[in-house]
1. Are any residues in the stretch 43-61 in contact with a helix residue (DSSP H, G or I) (Cβ under 6 Å, 6 or more places away or on another chain) and either of a type outside the set (S, T, N, Q) or closer than 18 Å to Val131 by Cα (or both), and if so, which ones?
2. Just a yes or no: is a residue in the stretch 4-25 in a loop (DSSP other than H, G, I, E, B) and among the aromatic types (Phe, Trp, Tyr)?
3. How many residues, within the stretch 26-57, are in a loop (DSSP other than H, G, I, E, B) and under 14 Å from the mean Cα position of the chain (by Cα)?
4. Inspect the stretch 108-118 for any residue being of a type in the set (A, V, I, L, M) and surrounded by fewer than 16 Cβ atoms within 10 Å (Cβ to Cβ) and give the result as yes or no.
5. Within the stretch 47-54, identify whether any single residue is buried (at least 16 other Cβ atoms within 10 Å of the Cβ) and under 30 Å from Ile104 (Cβ atoms), and answer yes or no.
Amino acid sequence: MGQRLEAGIFNIPNDKNLPGHNVPAPRVIIDDEAFALKSNLMRPFLYRRAKDDKCKENYNNRLCRARRVVENAFGILAQKWRTYYRPMEVNVETAELIVRTTCILHNFLRGNTEYYDLGAFDNAARRASTVAFTDREKFVEFLARIL
């Protein structure tokens, strides 16, 4: 996944304007502190930078809430498919097939027929680009308006 993001071949939909904005913002993957900030990977601000800035703190809180939704969805998936209870001792291609298959089956059982491309994640370079910082600021400004 990381390699595909870096190469620009991950099939992320085109940028879209945030509600009330004229400037397009990228579609993003929600991240945590363990990964580098990228244009399509949004991570929270460091605590020491956010604690005195209400807008940044609001951004961090909303990002955390969104991550929690994803983690809860994974918990539901893991409850149904016990293969997620332990490390998968298979090659990367097989692990990708297992994840895709369980997501498709899960969605089928819940009546949702949409399919999203999934892949293996590679934690690439740790240095964030200027574009990534600019993109994150778009989300900070947007979320500050709806505070």
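The values are calculated or read from the model by the stated rules, or taken from the named source; none is laboratory data. Not measured: the values here are computed from a predicted model. We place every Cβ from the backbone using ideal geometry, glycine too, and count neighbours over all the protein chains shown. All accessible areas refer to the heavy atoms of the entire protein, side chains included, with ligands and DNA or RNA removed. Shrake-Rupley method; radii C 1.70, N 1.55, O 1.52, S 1.80 Å.
1. Filtering the stretch 43-61 down to residues in contact with a helix residue (DSSP H, G or I) (Cβ under 6 Å, 6 or more places away or on another chain) leaves 44-45, 50, 55-60.
Passing the criteria: Pro44, Phe45, Ala50, Cys55, Lys56, Glu57, Tyr59.
2. From the stretch 4-25, those in a loop (DSSP other than H, G, I, E, B) are 8-15, 18-23; that's our starting set.
From the residues that got through so far, the ones that are among the aromatic types (Phe, Trp, Tyr) too are 10.
Checked against the condition, which is being in a loop (DSSP other than H, G, I, E, B) and among the aromatic types (Phe, Trp, Tyr), the stretch 4-25 yields at least one hit.
3. The initial filter retains those residues of the stretch 26-57 that are in a loop (DSSP other than H, G, I, E, B), namely 26-28, 31-37, 39-40, 43-46, 51-53.
Pick out the ones that are also under 14 Å from the mean Cα position of the chain (by Cα) and you get 26-28, 31-37, 39-40, 43-44.
Number satisfying all stated conditions: 14.
4. Just the residues of the stretch 108-118 that are of a type in the set (A, V, I, L, M), to begin with: 109, 118.
Then drop every residue that is not surrounded by fewer than 16 Cβ atoms within 10 Å (Cβ to Cβ), which leaves 109, 118.
Yes: the stretch 108-118 contains one or more residues that are of a type in the set (A, V, I, L, M) and surrounded by fewer than 16 Cβ atoms within 10 Å (Cβ to Cβ).
5. From the stretch 47-54, those buried (at least 16 other Cβ atoms within 10 Å of the Cβ) are 50; that's our starting set.
Applying the additional criterion that residues be under 30 Å from Ile104 (Cβ atoms) yields none.
Looking through the stretch 47-54, none of the residues is buried (at least 16 other Cβ atoms within 10 Å of the Cβ) and under 30 Å from Ile104 (Cβ atoms).
Residue by residue, here is whether (1) open to solvent by less than 90 Å² (accessible area, probe 1.4 Å); (2) at pLDDT 85 or above; (3) out of contact with any Ser or Thr (no Cβ under 7 Å at 6 or more places or on another chain); (4) within 25 Å of Gln3 (Cα to Cα) holds:
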site	(1), (2), (3), (4)
Arg62	yes, yes, yes, no
Ala66	yes, yes, yes, yes
Ala95	yes, yes, yes, yes
Ile98	yes, yes, no, yes
